[in-house]
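The structure under discussion appears below in the form of structure tokens.
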């Protein structure tokens, strides 16, 4: 069953009370405990605020889908911040060619994008290091859910943003609701479109959200006008994702998410200011979970009510000082797992008074409604206790509303809980207690001659106090009654008779019995509280020691070894540690070598199921419970990074405390493993960048060293006088070969140098206003020799405006295109060169077409890769020419396209963006 889409409302508290097996109340704690804020919750809110002061502020412009105007609104807000005197820098913005959006980009500082090579493609990514070095007040980063190219420092852009926030930089970003992790399944179910990129909810919770709202009708109108996609894609989108029903549902999800976020902010404010509430800004439901069999039907009833109200819900477990039996532990674990499967949140509290604990949790979570099981069961005592619990809850809940729900008969009744816990101790304790009391009686008979009956009563009372330190509450009560009977029979006059004779004896026996019972109960309760505190201390200590051990681990092998040792020692178990395989996006088929639990193939399959489904599996779960081990997925940032397998050496049921501690350890281990993985990725990226830098340096050095001898050879050949050439006769052809080879080698060196400059990412374009005709004429002069014997058709638009480019670089790119056409086509084959303006896109388009064999069956998908040469290419050349063409054009903000020419041949198109020509430059052209 899927979790409901949460609305602006808030958690329903369901208190389990159903007569037999229902909840019960222990003696009340002081009333003022209800008024105290939960220190853990208060500390969490304060810590969050302190962390936010050190971090940068994140603002998310949230929309229901593409096209609602998120980027446009974000840039408007960024310009307002700039006008207010803040340093605003664009880290990454995708305008999608929309003129209105591009106009907002003008005037804002930009960080050049980082080029990443991946499988023959050159991908553009945000330059995180440059942005951190620049350290602006505000960074504008579009498309938060974007997945970075392989080899980047972080796999996801939201992780880049997180690093910016940690550096104290404020961030504006955009996000569609389908990319929020908790909404992915719902959106996919509605639209049928798979969602691959997600952002964790915890990241969204830290942000300020501005909803960019647009009605479905207005968005469809924008789509039809071509303001979202080009016409062909717009028609396809309108038939699938952009259906009116889909858009209305997505809009509702966005608005509900915003309302829920506002509700969480109100909750945190109430925690910080110690406002008990509730503030009924919306419905909040909560169900109290216990070991009662009536919990399960009430949990399901609460989920149905939360669905109908469209609000979140929480399940509360109030842990008392009394331990649960094995059967109760198993039933409680089943109930908590059911809550999580149904989309609820589990909250725990510790209190010996059930009503006080539940009311405190309800106020902490701003609960507006409590659902209470209708009292039932047989027996006067059960009914009185149930009605007393209901009356107290109604009286102490204050402004919280109550629902009384009948669940009798929906579950099998269990043994009624022992109100006084009289049978929590084994029978041997009662035997020991009886032996102590009888032995003390024989001793008192021997001392009776010297001691009076009152002194003997005090000796009995001392024995009761001492027994309470070693036995349970039931044996203490038994000892109190037994000692009172023996004291009366053997020592109070008339002796050796049962009965209290005389007013003084009645007062003395009654007082003794009351004091013995109270002291015994008080000490037994103190012992129970001590045991409960010791259990909690053991959990905290185990988690602290694990954190301390992992904090000093620096490599993965060390982390795994310490985890296996600590978990095995804490839980008396064998441990198997499985790591995720980043290459196959799965789990390694064998556990880490440091594991102490040797698993079979079947156990590996169980661990793989836990990894793929991100849910515990194996023993003590409902998923493959016949396995030897208990497997917990290690989840960090919403992704599984491994699996922890535990096989307990003792044949026993996993208790609630152990489950809680094991899950807490797994969460801590997952964070450390994820941190180590990120460190390794960062190190690999650093080494790759250093290797690339060294190779570029070497290439640059070799290229410069080659230029000097080439220049000398070329100058020597060209400087020979004509008289000397005639004397050589037929050997003059060798001079021509030397000159031709020198020219070719010089062009190769220039290509290597240009590629080194482009790959470094640090070169600056020297742009100037140029005439397209001058560019064509200069290029034809440079390639006159190579194009000799070919018909070159040149067409340049007469009204072509000036273009702002780096003239030598663009000339080199165009030269490479013409030489490529000459190299890959038969001699005397014509070549066409056209230069025209595309006014709709505001671009200058340069096309070089030939009548050669074309691009081949793959359509030239690798044409622009470095050092790529086609299978039919003639000997010579390095495969750098077209790579340089692409690099030069993209450095100017343009793009390159290659396609087969109708009728045979290939056509290469270069697109350069046109800028508004200043009057001075225009007058110069004229």
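The values are calculated or read from the model by the stated rules, or taken from the named source; none is laboratory data. All of these numbers come straight from a predicted model, not from anything done at the bench. Cβ sites come from the backbone with ideal geometry, for glycine too, and all protein chains shown count toward neighbours.
Look at the stretch 288-311: where a residue is outside the structural domain of residue 358 (by TED's automatic domain parsing) and touching a residue at least 12 places away in the same chain (Cβ under 8 Å), no partner that is crowded, with 24+ Cβ neighbours inside 10 Å and part of a helix (DSSP H, G or I) sits 6+ places away or on another chain with Cβ atoms under 6 Å. Screening residue 76 with (1) buried (at least 17 other Cβ atoms within 10 Å of the Cβ); (2) part of a helix (DSSP H, G or I) gives one miss only, at (1). Can you confirm whether the stretch 620-631 contains a residue that is at pLDDT below 90 and in a strand (DSSP E or B)? Within the stretch 620-631, none of the residues are at pLDDT below 90 and in a strand (DSSP E or B).
Report yes if some residue within the stretch 173-182 is assigned by TED's automatic domain parsing to the domain that holds residue 78 and at pLDDT below 75; otherwise report no.
Yes; the residues of the stretch 173-182 include at least one that is assigned by TED's automatic domain parsing to the domain that holds residue 78 and at pLDDT below 75.
Answer yes or no: is there a residue in the stretch 139-161 that is surrounded by fewer than 15 Cβ atoms within 10 Å (Cβ to Cβ) and more than 30 Å from residue 256 (Cβ to Cβ). Within the stretch 139-161 (the criterion being surrounded by fewer than 15 Cβ atoms within 10 Å (Cβ to Cβ) and more than 30 Å from residue 256 (Cβ to Cβ)), the answer is yes, since at least one residue qualifies. Checked against the criterion of being within 16 Å of residue 888 (Cβ to Cβ) and either free of Cβ contacts under 8 Å to residues at least 40 places away in the same chain or outside the structural domain of residue 901 (by TED's automatic domain parsing) (or both), the stretch 785-805 has no qualifying residue. Every listed requirement among (1) surrounded by fewer than 21 Cβ atoms within 10 Å (Cβ to Cβ); (2) part of a loop (DSSP other than H, G, I, E, B); (3) at pLDDT 90 or above is met by residue 604 save one, (2). Checked against (1) surrounded by 21 or more Cβ atoms within 10 Å (Cβ to Cβ); (2) modelled with pLDDT of 90 or more; (3) assigned to a loop (DSSP other than H, G, I, E, B), residue 597 meets all criteria but (1). Annotation: of all residues in the stretch 548-561 being in contact (Cβ under 8 Å) with a residue 24 or more places away in the chain and surrounded by 15 or more Cβ atoms within 10 Å (Cβ to Cβ), the one that is farthest from residue 673 (Cα to Cα) is 561. From the list 346, 361, the lone residue that is farther than 21 Å from residue 528 by Cβ and either crowded, with 20+ Cβ neighbours inside 10 Å or at pLDDT below 80 (or both) is 361.
Taking the stretch 163-222 on its own, how many of its residues are in a helix (DSSP H, G or I) and farther than 25 Å from residue 614 by Cα?
11
Put simply, of 485, 564 the only residue that is crowded, with 16+ Cβ neighbours inside 10 Å and either part of a helix (DSSP H, G or I) or modelled with pLDDT of 85 or more (or both) is 564. Pull up the stretch 399-414, narrow it to residues that are modelled with pLDDT of 75 or more and part of a loop (DSSP other than H, G, I, E, B), then point me to the one that is farthest from residue 290 (Cα to Cα). Out of the qualifying residues, it is 399. Restricting the stretch 583-592 to residues that are part of a loop (DSSP other than H, G, I, E, B) and touching a residue at least 12 places away in the same chain (Cβ under 8 Å) leaves a set whose member that is surrounded by the most Cβ atoms within 10 Å (Cβ to Cβ) is 591.
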